[in-house]
Amino acid sequence: MQLKKTFDIAFTPDAVWRALADVRLVAGCLPGASIVEESSPDEYKGKLAIKLGPLAASFNGLISIERRPEARTAIVTGKGADAKSSSRVTAKMTYRVQPSAQRADESQVEIESDINLAGALAQFGKAAVMQEVANRMTVEFVRRFEAQLAHAHAGAEADVGASTSPAAPVPKPAQLDAGNLFWSILKDRIAAFFRNLFK
């Protein structure tokens, strides 16, 4: 299953590239994700807790990152498994950071992902639903990621004598509840159907 996303970030490309290189910061912006161990500067052991209705899974896996700083591009590959549900996932993601077409001091991030699910969770991997889940997760990630960048920026200003106190980091949900996302999507689709029906 292939997914493509593009979003804007209200910080410069260099700032966004540096922040995305901080794997723990990125994991902190994704509900349910955590870095368990750093095997090397480019390899990590991680965990992703996810809930799909009555089915809960905790994927333990390996993540490797190939960075190309001159192009502000990185290729992230990962694989993981959940022992309880016997579900498995493999993924490859490429992200690029470039100046925004709207403002020179902002950035545009392009992400292309190829995700393969196997086992009990594969039944939830319908492309249309996963695309909408990805859309909503992207909005949440951008919100948290920008908050973390703003927090770091405010802290840097405080260090040089700025009077503004840093904002508190955004709290992170313990797991990704994709089941709630699914029902939210379903309700939105039903509501849209009836709106169109009575136009």
message: Between G80, G161, which is out of contact with any helix residue (DSSP H, G or I) (no Cβ under 9 Å at 6 or more places or on another chain) and modelled with pLDDT of 80 or more?
response: G80
- prompt: Any residue in segment 57-76 that is more than 19 Å from A21 (Cα to Cα) and among the basic types (K, R)?
  reply: no
statement: Residue hits (segment 20-57; open to solvent by less than 40 Å² (accessible area, probe 1.4 Å), more than 27 Å from A10 (Cβ to Cβ) and free of Cβ contacts under 8 Å to residues at least 60 places away in the same chain) are S40, Y44, G46
message: Which residue is most open to solvent (accessible area, probe 1.4 Å), if the candidates are limited to segment 58-98 and must be more than 18 Å from the chain's Cα centre (by Cα) and charged (D, E, K, R)?
response: K84
query: Counting only residues that are within 19 Å of Q131 (Cα to Cα) and part of a loop (DSSP other than H, G, I, E, B), how many does segment 1-26 have?
result: 1
query: Can you name every residue in segment 27-46 that is out of contact with any Pro (no Cβ under 9 Å at 6 or more places or on another chain) and either of a type in the set (F, W, Y) or under 20 Å from N135 (Cβ atoms) (or both)?
result: C29, L30, A33, Y44
query: Does any residue of segment 33-42 turn out to be modelled with pLDDT of 95 or more and over 27 Å from Q123 (Cβ atoms)?
result: no
statement: Across (1) of a type outside the set (G, A, S); (2) under 14 Å from A21 (Cβ atoms); (3) open to solvent by less than 60 Å² (accessible area, probe 1.4 Å), I111 clears everything bar (2)
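The values are calculated or read from the model by the stated rules, or taken from the named source; none is laboratory data. None of these values were measured; they are calculated from a predicted model. As a convention, Cβ positions derive from the backbone with ideal geometry for all residues, glycine included, and neighbour counts pool all protein chains shown. The protein model used for the area step is the full one, side chains on, heavy atoms only, and it has no ligands, DNA or RNA in it. Shrake-Rupley method; radii C 1.70, N 1.55, O 1.52, S 1.80 Å.
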